[in-house]
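Colleague: Next up is a structure, given as structure tokens.
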Amino acid sequence: MNNHRKKSLVVLLALLAICGSVGAIYLASPRHTALHGSEHRPKVSQSRGMTDKLTAGLNLNPAQRSAVSKVVDDVQEKMSSLFNDPKLTSKERQKKASELLKSASAQIEAHLDPDQRKRFETMIVSAHGGHG
């Protein structure tokens, strides 16, 4: 696997970890509730926690925080819809999730200065267990 492809894969996997696990999104989904009841639903907003982590880790100013929060909220909403779509196969769902996370990463980076981009990449690698 070439370095660019490997780095892209690490970024996607780590961003998934940063944005909240797919499992947490599934646990919050109506599909999971229908199968297992509401007692397993997360009580804390995943997107707020993610925005808080990014704000602290990147020292976001209020405008950046607002923009990043919108991206994170959008990702959470789209991931939830994606994992509740019964028409998609597991492979299709995985591909769409990967595309969504890649897009979200680019959208977040667009609001960061060069130093924050470096820290964002470090956060992503750290979230993935330091592999990169």
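Only the coordinates and a few stated rules stand behind these numbers; no lab work does. Note that this is a predicted model, so its numbers are computed, not measured. Methodologically, a virtual Cβ is constructed for each residue, glycine included, from the backbone with ideal geometry; neighbour enumeration extends over all protein chains shown.
Colleague: Given a Förster distance of 22 Å, report the FRET efficiency between residue 63 and residue 103 from their Cβ-Cβ distance, rounded to the nearest 0.05. Numbers along the way, then the final one.
Modeller: Numbers: r = 21 Å, r/R0 = 0.94.
Efficiency for this residue pair is about 0.60.
Colleague: Points 7 angstrom from Cα along the Cβ direction at residue 117 and residue 81: gap in nanometres?
Modeller: The modelled label-to-label distance comes out at 2.9 nm.
Colleague: Right, next: Just the Cα atoms of region 59-117: what Rg and Dmax do they give in Å?
Modeller: Cα-based Rg and Dmax for region 59-117 come out at 13.6, 42 Å.
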